[in-house]
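Enquirer: Dropping a structure here in C-alpha cells format, bear with me for questions.
The values are calculated or read from the model by the stated rules, or taken from the named source; none is laboratory data. In this text the structure is predicted, and so the values were computed from the model without any measurement. Glycine gets a Cβ as well: all are built from the backbone with ideal geometry, and neighbour counts include every protein chain shown.
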Amino acid sequence: MFYLKYRPKTLSEIDNTSVKDVIFRHLDSGKFPHAFIFIGDKGTGKTSAARVFAKSINCLKNKYAKKGNTIEPCNECKNCTSINNSSSTDIIEMDAASNRGIDEIRKLIQDSSFLPMNNRYRVYIIDEAHMITNDAFNALLKTLEEPPKSVIFILATTNIEKIPKTIISRCSIINFHKAKKNDLISMLKRILKNENINLENSVLSLIASHSDNSFRDATKILEELLIQNKKTYEEVKKFLGILGKNSLLEVIQTKHVKDSLNWIEEFKIAGGNIKSLIEQLLEELRVQLLIKNSIRSEETDLKLNFSIKELSNLIKLFTQAYNDLKISPIDILPLEIAIVDFYNIRKTK
C-alpha cells in the first residue's frame, strides 16, 4: 500500500508543512519535553511524524550522535533500520483502543523505568490516546510529571477533549491541522516520482480535492486510480463521480429544482459518493463566503453569484444533510431534501 510504502522517513519528507517546522525546531534546539500530545484528524501524519522524531533522536550518524550537523535520521544505521522495520525494542507503539486499561499502563510505566537497550531514548507512541481509561490516566500522571530522562512519550489523538487536563498540562501540544491542498499534491508528486509515473497537475488537484484533507485518503485514491489504469483528467473525474461541465452549485443558481434533482440522480447512478459530494459543496460554499466578505480574492473557476444570505442558507442546509447521512436509509435523500428546501426558501423571499 502506498500509504505504508511511502510513509515519511525523514523530517524533509513530512508532508504536513506546519507540523514539519514545529518538530524541526524542537529537534534542532536539542532541548525538548519528555511528553508530547499530537492532535489531529485521521490521516494527517501523526504516527509517521512520531516515528521520524524517534529516529532523529536515536540515529547513530547525525547531530545527536555528534557525527555531523544535521538532525535528519540517516535511515541506514541499525537504530534507524530497526525503527523503520518496527523491530526496535526501545520504540514501543501502542494502540490505546485495545490497550486502554490500568494493567497495560502499569506495565508501560514499569518498563519505562529501565534504560533503553540499544537507543539513547525509549519512545512510547500511544495512538488513540483518548481511549485510555481515567484510572489508567491517573496511573500515568506521576510518570509524566517525573519521567526518566531517557524516556519520551508521544500521545496521538483525534479527540483531545477526552484527555484529562492534568495530562494535557504536562505535555507539549503539536496540532496536526487538516492537510492543505498544496501539501497533498506535493505528497502525491513524491509518490509518483518514486513510482516513475507521470500524471497531470489537474489530476493531482482533483485527487487532493476529494481526499477529505487526509494524506492517507489521498494515497488510497491514487493507488486505486493506478490499479484501474485511470490516468487522464476525464477518466479520473468520471471515476470520482463528477458529472457535467457545470457544478451542482451552478445548476442550483441558474436552473430549476428539477434540473438540480436530475443532476444529483445522474451523479448517484454514475457511482458518485454523496458524502464526498456534500463535503466538496461545503468547501466551495465556504470559499464563496470568504470571497463575498473580502477575506479571499477571487480564485475559483465557479461562476457563482449567491448573496451572503443564500450562501449561509445553503451551508446550513448541506451541513444538516451531511449530519443526516448517518441515519438516513437512503443516502441521497438528505441532499435532495436540502435542495428542495433551498428552492422553497428562495420562493418565499
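Enquirer: Taking the condition small (Gly, Ala, Ser), over 17 Å from HIS34 (Cβ atoms), surrounded by 14 or more Cβ atoms within 10 Å (Cβ to Cβ) and assigned by TED's automatic domain parsing to the domain that holds LYS46, does ALA156 pass?
Expert: Against the criterion (small (Gly, Ala, Ser), over 17 Å from HIS34 (Cβ atoms), surrounded by 14 or more Cβ atoms within 10 Å (Cβ to Cβ) and assigned by TED's automatic domain parsing to the domain that holds LYS46), ALA156 does not qualify.
Enquirer: In the list LEU282, LEU335, which residue meets the criterion of being closer than 30 Å to GLU235 by Cβ and in contact with a Ser or Thr (Cβ under 9 Å, 6 or more places away or on another chain)?
Expert: That would be LEU282, the only listed residue that is closer than 30 Å to GLU235 by Cβ and in contact with a Ser or Thr (Cβ under 9 Å, 6 or more places away or on another chain).
Enquirer: Oh, and also: Under 7 Å by Cβ, and 6 or more places apart or on different chains, what pairs join a residue from the range 183-204 that is small (Gly, Ala, Ser) with one that is assigned to a helix (DSSP H, G or I)?
Expert: SER202/TYR233
Enquirer: If you go through the range 68-111 one residue at a time, how many are touching a Leu at 6+ places or on another chain (Cβ under 6 Å) and in contact (Cβ under 8 Å) with a residue 60 or more places away in the chain?
Expert: 2
Enquirer: Here's another thing I want to ask about it. Can you tell me how many residues within the range 299-316 are surrounded by fewer than 16 Cβ atoms within 10 Å (Cβ to Cβ) and outside any loop (DSSP other than H, G, I, E, B)?
Expert: 4
Enquirer: Which of the following residues is assigned by TED's automatic domain parsing to the domain that holds VAL151, farther than 25 Å from ASP28 by Cβ and modelled with pLDDT of 90 or more: ASN75, ASN79, ASN85? Don't jump to the end; show me each part of the working.
Expert: Values: ASN75 fails: farther than 25 Å from ASP28 by Cβ; ASN79 fails: farther than 25 Å from ASP28 by Cβ.
Answer to the selection: ASN85.
Enquirer: I would also like to ask the following. Could you tell me which numbered condition SER260 fails, if it satisfies all but one of (1) in contact with a Gly (Cβ under 8 Å, 6 or more places away or on another chain); (2) in contact (Cβ under 8 Å) with a residue 40 or more places away in the chain; (3) assigned by TED's automatic domain parsing to the domain that holds LEU304?
Expert: With respect to (1) in contact with a Gly (Cβ under 8 Å, 6 or more places away or on another chain); (2) in contact (Cβ under 8 Å) with a residue 40 or more places away in the chain; (3) assigned by TED's automatic domain parsing to the domain that holds LEU304, SER260 is out only on (1).
Enquirer: Give just the number: which of (1) modelled with pLDDT of 90 or more; (2) part of a helix (DSSP H, G or I); (3) of a type in the set (Gly, Ala, Ser) does SER328 not satisfy?
Expert: (2)
Enquirer: Give me a count of the residues in the range 60-89 that are surrounded by 13 or more Cβ atoms within 10 Å (Cβ to Cβ) and assigned to a loop (DSSP other than H, G, I, E, B).
Expert: Matching residues across the range 60-89 total 13.
Enquirer: Hey, another quick one. Only residues in the range 43-67 that are under 25 Å from ILE221 (Cβ atoms) count as the first member; pair them with residues that are assigned to a helix (DSSP H, G or I) and of a type in the set (Val, Ile, Thr), Cβ under 7 angstrom, at least 6 apart or cross-chain, and list the lot.
Expert: Listed pairs, sorted by first residue: GLY45/VAL19; ALA49/VAL19; ALA49/ILE23; ARG51/ILE83.
Enquirer: Among what's in the range 1-36 and is assigned to a helix (DSSP H, G or I) and among the β-branched types (Val, Ile, Thr), pick the residue that is surrounded by the fewest Cβ atoms within 10 Å (Cβ to Cβ).
Expert: The residue in question is THR17.
Enquirer: Moving to a separate point now. Do we find that ARG296 is touching a residue at least 24 places away in the same chain (Cβ under 8 Å) and surrounded by 13 or more Cβ atoms within 10 Å (Cβ to Cβ) in this structure?
Expert: Against the criterion (touching a residue at least 24 places away in the same chain (Cβ under 8 Å) and surrounded by 13 or more Cβ atoms within 10 Å (Cβ to Cβ)), ARG296 does not qualify.
Enquirer: Condition first: over 26 Å from the mean Cα position of the chain (by Cα), surrounded by 17 or more Cβ atoms within 10 Å (Cβ to Cβ), among the aliphatic types (A, V, I, L, M) and more than 21 Å from ASN213 (Cα to Cα). Can you find one or more residues in the range 317-327 that meet it? Give the steps one after another, and end with the answer.
Expert: Looking only at the range 317-327, we keep the residues that are over 26 Å from the mean Cα position of the chain (by Cα), and these are none.
Within the range 317-327, none of the residues are over 26 Å from the mean Cα position of the chain (by Cα), surrounded by 17 or more Cβ atoms within 10 Å (Cβ to Cβ), among the aliphatic types (A, V, I, L, M) and more than 21 Å from ASN213 (Cα to Cα).
Enquirer: Based on this model, can you work out whether LEU281 counts as closer than 21 Å to ALA321 by Cβ and either crowded, with 20+ Cβ neighbours inside 10 Å or among the hydrophobic types (A, V, I, L, M, F, W, C) (or both)? Quick ask: steps written out before the conclusion?
Expert: Values: closer than 21 Å to ALA321 by Cβ: yes; either crowded, with 20+ Cβ neighbours inside 10 Å or among the hydrophobic types (A, V, I, L, M, F, W, C) (or both): yes.
Yes, satisfied.
Enquirer: So which residues in the range 90-104 are in contact with a strand residue (DSSP E or B) (Cβ under 9 Å, 6 or more places away or on another chain) and in a helix (DSSP H, G or I), if there are any at all? Steps first, please.
Expert: Our first condition is that a residue be in contact with a strand residue (DSSP E or B) (Cβ under 9 Å, 6 or more places away or on another chain); within the range 90-104, this holds for 90-97, 99, 104.
Selection gives GLU104 alone.
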